[in-house]
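Asker: Can you keep this structure in mind? I'll have questions shortly.
The values are calculated or read from the model by the stated rules, or taken from the named source; none is laboratory data. Source: prediction; values computed, not measured. As a convention, Cβ positions derive from the backbone with ideal geometry for all residues, glycine included, and neighbour counts pool all protein chains shown.
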Amino acid sequence: MSLTNHRWVLRHRPHGEIKPTDLDYVAEPVRDLAEGEVLIRNVYLSLDPTNRIWMSDMEQYMPPVEIGSPMRGGTIGVVEASRSAHFKPGDIASPGLGAWEAYTIAHETMARPMAPPPGAPLTAMMSVLGLTGLTAYCGTVFIGDPKPGETMVVSAAAGAVGSIAGQIGKLRGARVIGIAGGPKKCAWLTEELGFDGAIDYKAGDVGAALDRLCPNGVDVNFENVGGEIMDAVFSRMNKFGRMALCGMISGYNSRETMPGPSDFGRILMRSLTVKGFIVIDYMPRFGEAIAELAPWVLQGRIKWKAHVVDGLENALSALNRLFTGDHDGKLLVRISPEP
């Protein structure tokens, strides 16, 4: 059977906001499988802030995407053909770290079975039960470790990771305040997710709002944004406070190095723990995380939502939504129909 693979290829390293000319949308024939390989028809593509990092040549936690190479990304799909004893056609699988493409050929040592548990949709495996949920769990539990009665602040709290992190904080007994953009997102945090308060960073002085909602200071900060918002939270951290530094999305489209906290000495004087983390560093503990996370999700104790954009050809324009806030929940591209 002759198949054509559509994919996005990096042509230029973006300067500022990603432009249509930075990537090419190309068509190529799908090659024959070698022994031990599987062909996966991708159904969903995950769009994440780290996609923008991979396009750049900045110092990062793994090599950037090379010019002329397919754009890297997480995918889940259906096995269409297999020359592996471990996979059969019809299996739900991920190629590991995949690409922005319709079909992916993966070796059996890299591909992973990804069938969702009973009662969970396929989109959950790309969100709350996938790396998104694991990121929220690992940062909140293993680094932030919120205690009953403590105050936890989450930036980008209406995003895929932040919304889950805040709910985990609540389940562990913390008082949780979220920072998000716009009244609709703030209302979602307090009215549906159970946050104790929300700050609309577009509406005024974040610092003043933190003083009002966190009169006793901040014990845990799950940080996704960086810049001025991080500074505002950082300056209100209590003694022995913990910051889980998950992302600094406010600076990903800038060529300038983002400045650090203006009051860096507070780390010493307040005995703070500030830890940056990449979720794959916690891979040995994923089983432990899922064992607690999955029941919460399946019991409805953690709420989540996916924002699905149809068509691989729309992946590039959809990615920019991460940086404008024009999305609700986990941003996914539907490449092909679900099985």
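Asker: Which residues, counting only those in region 287-339, are more than 19 Å from GLU192 (Cα to Cα) and among the charged types (D, E, K, R)?
Answerer: Matches in region 287-339: GLU288, GLU292, ASP310, GLU313, ARG321, ASP326, ARG334, GLU338.
Asker: Considering only region 268-305, state which residues are farther than 18 Å from CYS246 by Cβ, among the aliphatic types (A, V, I, L, M) and in contact with a Phe, Trp or Tyr (Cβ under 9 Å, 6 or more places away or on another chain). Working first, answer last.
Answerer: Initially, region 268-305 is screened for residues farther than 18 Å from CYS246 by Cβ, giving 268-271, 284, 287-288, 290-292, 294-301, 303, 305.
Among the residues that remain, those that are also among the aliphatic types (A, V, I, L, M) are: 268-269, 290-291, 294, 297-298.
Passing the criteria: ILE290, VAL297.
Asker: I would also like to ask the following. Which one of these is at pLDDT below 95, surrounded by 20 or more Cβ atoms within 10 Å (Cβ to Cβ) and either over 26 Å from GLU292 (Cα atoms) or under 22 Å from the mean Cα position of the chain (by Cα) (or both): VAL79, VAL65? Working first, answer last.
Answerer: On the way: VAL79 fails: at pLDDT below 95.
Every option except VAL65 fails the conditions.
Asker: Can you name the condition, by its number, that GLN60 falls short on among (1) in contact (Cβ under 8 Å) with a residue 12 or more places away in the chain; (2) surrounded by 12 or more Cβ atoms within 10 Å (Cβ to Cβ)?
Answerer: Here GLN60 clears every test but (1).
Asker: Looking at THR109, is it surrounded by fewer than 19 Cβ atoms within 10 Å (Cβ to Cβ), under 30 Å from ILE40 (Cβ atoms), hydroxyl-bearing (Ser, Thr, Tyr) and modelled with pLDDT of 95 or more? Before you say what the answer is, go through the steps one by one.
Answerer: Values: surrounded by fewer than 19 Cβ atoms within 10 Å (Cβ to Cβ): yes; under 30 Å from ILE40 (Cβ atoms): yes; hydroxyl-bearing (Ser, Thr, Tyr): yes; modelled with pLDDT of 95 or more: yes.
In short, yes.
Asker: On to the next question. Need pairs with beta-carbon distance below 6 Å; first residue under 29 Å from PHE142 (Cβ atoms) and within region 293-321, second of a type in the set (A, V, I, L, M) and surrounded by 18 or more Cβ atoms within 10 Å (Cβ to Cβ); sequence gap 6+ or separate chains.
Answerer: That search, which allows pairs on different chains as well, returns TRP296/ILE302; VAL297/VAL128; LYS303/LEU193; TRP304/VAL128; ALA306/LEU332; HIS307/LEU331; LEU319/LEU47.
Asker: Does VAL233 count as assigned to a strand (DSSP E or B) and of a type in the set (A, V, I, L, M)?
Answerer: Numbers: assigned to a strand (DSSP E or B): no; of a type in the set (A, V, I, L, M): yes.
The answer is no for VAL233.
Asker: Please pick out the residue among THR273, THR324 that is of a type in the set (Ser, Thr, Tyr) and over 22 Å from the mean Cα position of the chain (by Cα). Before the answer, list the steps.
Answerer: Working: THR324 fails: over 22 Å from the mean Cα position of the chain (by Cα).
Going through THR273, THR324 in turn, just one is of a type in the set (Ser, Thr, Tyr) and over 22 Å from the mean Cα position of the chain (by Cα): THR273.
Asker: Regarding region 273-284, can at least one residue be identified that is among the basic types (Lys, Arg) and in contact with a Gly (Cβ under 6 Å, 6 or more places away or on another chain)?
Answerer: Looking only at region 273-284, we keep the residues that are among the basic types (Lys, Arg), and these are 275.
Filter once more, so that each one left must be in contact with a Gly (Cβ under 6 Å, 6 or more places away or on another chain): none.
No, that holds for no residue.
Asker: List pairs: first in region 272-288 and in contact (Cβ under 8 Å) with a residue 24 or more places away in the chain, second among the hydrophobic types (A, V, I, L, M, F, W, C) and assigned to a strand (DSSP E or B), Cβ under 6 Å, 6+ apart or cross-chain?
Answerer: LEU272/MET237; VAL274/MET243; GLY276/LEU245
Asker: Return a yes/no flag: does region 162-182 have any residue that is under 19 Å from the mean Cα position of the chain (by Cα), surrounded by 16 or more Cβ atoms within 10 Å (Cβ to Cβ) and more than 26 Å from GLY325 (Cβ to Cβ). So that I can check it myself, show each step before the final result.
Answerer: We begin by selecting, within region 162-182, every residue under 19 Å from the mean Cα position of the chain (by Cα); these are 162-169, 178-181.
Cutting the leftovers down to surrounded by 16 or more Cβ atoms within 10 Å (Cβ to Cβ) gives us 162-169, 178-181.
Filter once more, keeping what is more than 26 Å from GLY325 (Cβ to Cβ): none.
There is no residue in region 162-182 that is under 19 Å from the mean Cα position of the chain (by Cα), surrounded by 16 or more Cβ atoms within 10 Å (Cβ to Cβ) and more than 26 Å from GLY325 (Cβ to Cβ).
Asker: Between a residue in region 1-26 that is of a type in the set (Gly, Ala, Ser) and any residue that is in a strand (DSSP E or B), which pairs come within a Cβ distance under 8 Å, given they are 6 or more apart or on different chains?
Answerer: SER2/PRO29
Asker: Would you check if GLU108 is in contact (Cβ under 8 Å) with a residue 12 or more places away in the chain and either closer than 21 Å to ARG11 by Cβ or of a type outside the set (Asp, Glu) (or both)? Give the steps one after another, and end with the answer.
Answerer: Details: in contact (Cβ under 8 Å) with a residue 12 or more places away in the chain: yes; either closer than 21 Å to ARG11 by Cβ or of a type outside the set (Asp, Glu) (or both): no.
No: the conditions fail for GLU108.
Asker: Continuing with this model, one more query. Somewhere in region 120-127, is a residue within 18 Å of ASN221 (Cα to Cα), in contact (Cβ under 8 Å) with a residue 40 or more places away in the chain and surrounded by fewer than 24 Cβ atoms within 10 Å (Cβ to Cβ)? Full working, then the answer.
Answerer: Of all residues in region 120-127, those within 18 Å of ASN221 (Cα to Cα) come to none.
Within region 120-127 (the criterion being within 18 Å of ASN221 (Cα to Cα), in contact (Cβ under 8 Å) with a residue 40 or more places away in the chain and surrounded by fewer than 24 Cβ atoms within 10 Å (Cβ to Cβ)), the answer is no, since none of the residues qualifies.
Asker: Can you tell me which residues in region 216-231 are surrounded by fewer than 17 Cβ atoms within 10 Å (Cβ to Cβ) and in contact with a Gly (Cβ under 7 Å, 6 or more places away or on another chain)?
Answerer: GLY227
Asker: I need the full set of residues from region 6-64 which are of a type in the set (Lys, Arg) and in a strand (DSSP E or B), in order please. Before the answer, list the steps.
Answerer: Initially, region 6-64 is screened for residues of a type in the set (Lys, Arg), giving 7, 11, 13, 19, 31, 41, 52.
Scanning region 6-64 gives ARG7, ARG41.
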